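Trainee: Next up is a structure, given as structure tokens.
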Amino acid sequence: MSYYLDFTVLGLDFLRTRLLGEDLIPSQLPLREGLTEKLRTLRTVGIKTVSDLNTILKKETSMKPLSKETGIQLDYLKLLARVLRGYTPKSVMLSDFPKVDTKVTNTLMGHGIRDSYSLWTAAAHVKTRTKLAKEMALPPIELCTIVCLSDLCRIQWVSPLFSRLIFDAGYKTVQDVASAHAEDLVVGVSTVNKKENLFKGKIGARDMGRLVYIASILPHELEL
């Protein structure tokens, strides 16, 4: 099971495919410039996986020698580092999810399950979720809802609030979003938001398309 993308098994070809296939936001478009050659150069210095690259790019002190050795501009590597950080969005506190039973979240947090990562890891499978609900005397349906919200927050840019809108629109899991049409997601979320007024911004089909793309490359392991 993997809440996040497993960088240790993803080669640089994954990075190339994603950067060329994803509808990048404007500030990220420079990453496509000479991408194939840059990745080829990184391989020549022993960087084989996304994990290898991410480890080096975490610190500017290691980034500078890499820039000098490969000839890849430091600003390019800094931008790449920011993008890689976005591939593993931070887990969110269970208490940040709107419209959930606080008794359930308080019980979970009292047992050390405080965020989306720890809950998803503990209850993504039906068997372990059923056991958890029984041991903590939690309503199975409510527990399943919070697990689904945690799953949706694995998608980059999806906040606790927006996960609720997606869920209420009928898309319960990452796999549901991956299988959706962006236009249908827009209509579903907009309809729910008109009733509940949870989200102040406006999400268009292009932004929803980005969410669908990201959902499509995440592991689909949540069992309902």
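Trainee: Carbon and sulfur atoms: what percent of the 1.4 Å accessible area of the range 1-55 do they account for?
Mentor: Working: 1490 of 2740 Å².
Answer for the range 1-55 is 55 percent, counting heavy atoms of protein chains only.
Trainee: Per q in 0.18, 0.22, 0.24 Å⁻¹, report the Debye log10 I(q)/I(0) for the range 120-185, using one uniform scatterer on each alpha carbon and no solvent.
Mentor: Log-scaled intensity ratios, in q order: -0.66, -0.89, -1.00.
Trainee: Taking the C-alpha atoms of the range 134-224, how large are the radius of gyration and the largest Cα-Cα span, Dmax, in Å?
Mentor: So, for the range 134-224, Rg and Dmax equal 13.2, 43 Å respectively.
Trainee: Subtracting the Cα-Cα distance from 0.36 nm times the residue separation, let me have the gained length for R85 to K58 in nm, one decimal. Don't skip to the answer; put the middle values down first.
Mentor: On the way: separation 27, 0.36 × 27 = 9.72 nm, distance 0.87 nm.
Here the answer is 8.8 nm.
Trainee: Roughly speaking, what is the stretch gain from T8 to T107, that is 0.36 nm per residue apart minus the C-alpha to C-alpha distance, in nm to one decimal?
Mentor: Values: separation 99, 0.36 × 99 = 35.64 nm, distance 3.43 nm.
That pair, T8 and T107, stretches by 32.2 nm at full extension.
Trainee: Below 12 angstrom from the Cβ of V192, what's the summed charge of the other residues (Lys, Arg +1; Asp, Glu -1)? Numbers along the way, then the final one.
Mentor: On the way: positive: K99, R164, K194, K195; negative: D168, E196.
Summing Lys and Arg as +1 and Asp and Glu as -1 gives +2.
Trainee: If you project the alpha carbons of the range 1-143 onto their three principal axes, what span does each projection cover, largest first, in Å?
Mentor: Cα extents, longest axis first: 59, 30, 27 Å.
Trainee: Sum up the charges of everything whose Cβ sits under 11 Å from the Cβ of D168, counting Lys and Arg as +1 and Asp and Glu as -1, but leave D168 out.
Mentor: Working: positive: K99, R164, K172, K195; negative: E196.
In short, +3.
Trainee: A follow-up question, please. On a 0 to 90° scale, report how tilted helix 74-86 is relative to the longest principal axis of the chain, with both axes built from alpha carbons and the result rounded to the nearest 10.
Mentor: 20
Trainee: Excluding L222 itself, calculate the net charge of residues whose Cβ lies under 11 Å from the Cβ of L222, where each Lys or Arg counts +1 and each Asp or Glu counts -1. Present the calculation step by step, with values, prior to reporting the outcome.
Mentor: Details: positive: R129, R154, K172; negative: D151, D176, E221, E223.
Taking every other residue near L222 into account, the sum is -1.
Trainee: Considering amide H positions built from the backbone, and no H for Pro or chain starts, which residues 5 or more places from D115, or on another chain, come under 5 Å of its amide H?
Mentor: L94
Trainee: Determine the per residue accessible area of the range 57-131 with all protein chains present and a 1.4 angstrom probe, expressed in square angstrom.
Mentor: It amounts to 57 Å² per residue over the range 57-131.
Trainee: Okay, next question. Got a sec? Which residues in the range 192-220 would a label at R32 touch, if it sits 7 Å along Cα→Cβ and we count backbone N under 17 Å?
Mentor: The answer is 206-207, 209-211, 213-214.
Trainee: Starting at 0 and stepping by 10 Å, how many percent of the alpha carbon pairs of the range 63-170 end up in each bin?
Mentor: Each 10 Å bin holds this share of Cα pairs: 14, 38, 21, 12, 11, 3.
Trainee: Taking every pair of alpha-carbon atoms in the range 183-223, give the share separated by more than 11 Å as a whole percent. Don't skip to the answer; put the middle values down first.
Mentor: Working: 558 of 820 pairs.
Counting pairs separated by more than 11 Å, the tail of P(r) holds 68 percent.
Trainee: So what is the calculated 222 nm ellipticity per residue for the chain, using -39500 (n - 2.57) for each DSSP H run with n of 4 or more, over all residues, to the nearest 500 deg cm²/dmol? Before the final figure, lay out the partial values.
Mentor: On the way: 13 runs with 135 residues, N = 224.
Calculated mean residue ellipticity at 222 nm is -18000 deg cm²/dmol.
The values are calculated or read from the model by the stated rules, or taken from the named source; none is laboratory data. For clarity, every value in this text was computed on a predicted model and none was experimentally measured. Ideal geometry is used to build each Cβ from the backbone, glycine not excepted, and the neighbour counts take in all protein chains shown. What goes into the accessible areas is simple: the full protein's heavy atoms, side chains included, and nothing from ligands, DNA or RNA. Shrake-Rupley method; radii C 1.70, N 1.55, O 1.52, S 1.80 Å.
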